[in-house]
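Single-structure report; data block below.
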Amino acid sequence: MPRFDLTIAGELNLDLILYGLPEQLPVERELLADRLSVTLGSSSAIFAHNLAVLGSRVGFISRVGDDPLGQIALDRLAASGADISRTRKVSGPTTTGLTVILPHTNSRRILTYPGTMFEMCFEDLDIDYLCDAKHFHLSSFFLHRALRPRLAELFKKVKAAGLTTSLDTNDDPEDRWGSDLLDLLHYVDVFLPNAREAKRVSGVDDLKGAVARLADFTSLVVIKLGAEGAVARRGSEEFESPALTIGGDAVDPVGAGDSFDAGFMHQYVRGADISTCLAYGNLAGAFSTTRAGGTEAFRDRQYFERFFRRYWTHDAPELTSASTKANP
């Protein structure tokens, strides 16, 4: 029996979210937000945190600075139950990264100081630790600048150890979408982009055509469509799942895609069918939007249990087990 259900190598930082700023941001003006939230950020850490709360056994490796932001991020992630024992805290001029998010009515601005995200390298990883699992996941392909040249080697090693794999690229800040990503997809079992990312990675402007092209590279393509739910393709099989309609207003979509990934993969590693994985991913993504940031909803154990008991009826026994393992 492997020690973990899933292991993750990824970035770790906090998100600073400023609400209520004007749509236009003129220079040389003092612009006032009406609300502030500081939450656990980064695609990898949000995924790991929420996956652990759902009840999966999670191992997480990262590199952070020896600074207060890094310690707060570590403490937040550890509170979920994820194992962070192999994460490296490194002293030096480069500090832990930080993302500032400015949500607007129909869009958002995302400003990131990468910090140690750019510096995590292959030598930071404990390969035996990562392979002591059923499944390996990587997020934020384009932020792993030091690790990126050896990502294919990493995926080959975990595949050789018998793990299945998944990847969520997130955005490319340089908007170049390099060819090495398509090469890596040959070692990826589940690819989890959103619609825009799928088009950019594939080089195809039509979503249906983009999915068809990506399906030539990887076993299962899962496309997140936000308010329209999600679709998937495995070979010639196609699946779709509508978004979950929930009561009350969403606070923000920060981390909703990463939360979808957590819900999907929580079911996937347990052998659930694709339709169930999609539905659970949509549930986790919707739940995430009900509180600020990508993890705040999952940090409230009682709220988590009430929500999932109300909206998930497929396998109540598993939910009971997951809730018991989740930390407050």
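The values are calculated or read from the model by the stated rules, or taken from the named source; none is laboratory data. From a predicted model like this one, the values you see are computed outputs, not experimental measurements. Positions of Cβ are backbone-derived with ideal geometry, glycine not excepted, and every protein chain shown enters the neighbour counts. Please note that ligands, DNA and RNA were not included when accessible areas were found on the heavy atoms of the full protein model with its side chains. Shrake-Rupley method; radii C 1.70, N 1.55, O 1.52, S 1.80 Å.
Quick notes on this one:
- Out of Thr105, Thr96, one residue alone is hydroxyl-bearing (Ser, Thr, Tyr), surrounded by fewer than 17 Cβ atoms within 10 Å (Cβ to Cβ) and outside any strand (DSSP E or B). It is Thr105.
- Residues in the range 59-93 that are open to solvent by less than 20 Å² (accessible area, probe 1.4 Å), in contact (Cβ under 8 Å) with a residue 40 or more places away in the chain and touching a helix residue (DSSP H, G or I) at 6+ places or on another chain (Cβ under 8 Å): Gly59, Phe60, Ile61, Ser62, Val64, Gly65, Gly70, Ala73, Leu77, Ser80.
- For the range 209-238, the candidate set comprises residues that are in contact with a Lys or Arg (Cβ under 7 Å, 6 or more places away or on another chain) and in a loop (DSSP other than H, G, I, E, B); within that set, the residue that is least open to solvent (accessible area, probe 1.4 Å) is Ala215.
- The residues on offer are Asp189, Asp205, Asp168, and the sole one that is of a type in the set (Asp, Glu), modelled with pLDDT of 95 or more and closer than 19 Å to Phe118 by Cα is Asp168.
- Selection count where residues are of a type in the set (Gly, Ala, Ser), open to solvent by 60 Å² or more (accessible area, probe 1.4 Å) and assigned to a loop (DSSP other than H, G, I, E, B), scope the range 163-197: 0
- Considering the range 139-159, and only residues there that are open to solvent by less than 10 Å² (accessible area, probe 1.4 Å) and of a type outside the set (A, V, I, L, M, F, W, C), the residue that is farthest from the chain's Cα centre (by Cα) turns out to be His144.
- Any hit, the range 13-28, residues being in a strand (DSSP E or B), of a type in the set (Ser, Thr, Tyr) and either crowded, with 20+ Cβ neighbours inside 10 Å or in contact (Cβ under 8 Å) with a residue 40 or more places away in the chain (or both): yes
- When Arg291 is tested against (1) of a type outside the set (A, V, I, L, M, F, W, C); (2) touching a helix residue (DSSP H, G or I) at 6+ places or on another chain (Cβ under 7 Å); (3) outside any loop (DSSP other than H, G, I, E, B), exactly one condition is not met: (3).
- Meets criteria (of a type outside the set (A, V, I, L, M, F, W, C) and over 23 Å from Pro149 (Cβ atoms)) for Asp216: yes
- Selection within the range 294-310 - part of a loop (DSSP other than H, G, I, E, B) and touching a Phe, Trp or Tyr at 6+ places or on another chain (Cβ under 7 Å): none
- Filter result for Val269 (farther than 23 Å from Leu12 by Cα, open to solvent by 20 Å² or more (accessible area, probe 1.4 Å) and at pLDDT 95 or above): yes
- Test: residue in the range 21-34 that is polar (S, T, N, Q) and more than 21 Å from Tyr280 (Cα to Cα): yes
- Residue count for the range 108-129, restricted to those that are assigned to a helix (DSSP H, G or I), over 21 Å from Gly178 (Cβ atoms), out of contact with any Gly (no Cβ under 7 Å at 6 or more places or on another chain) and in contact (Cβ under 8 Å) with a residue 24 or more places away in the chain: 2.
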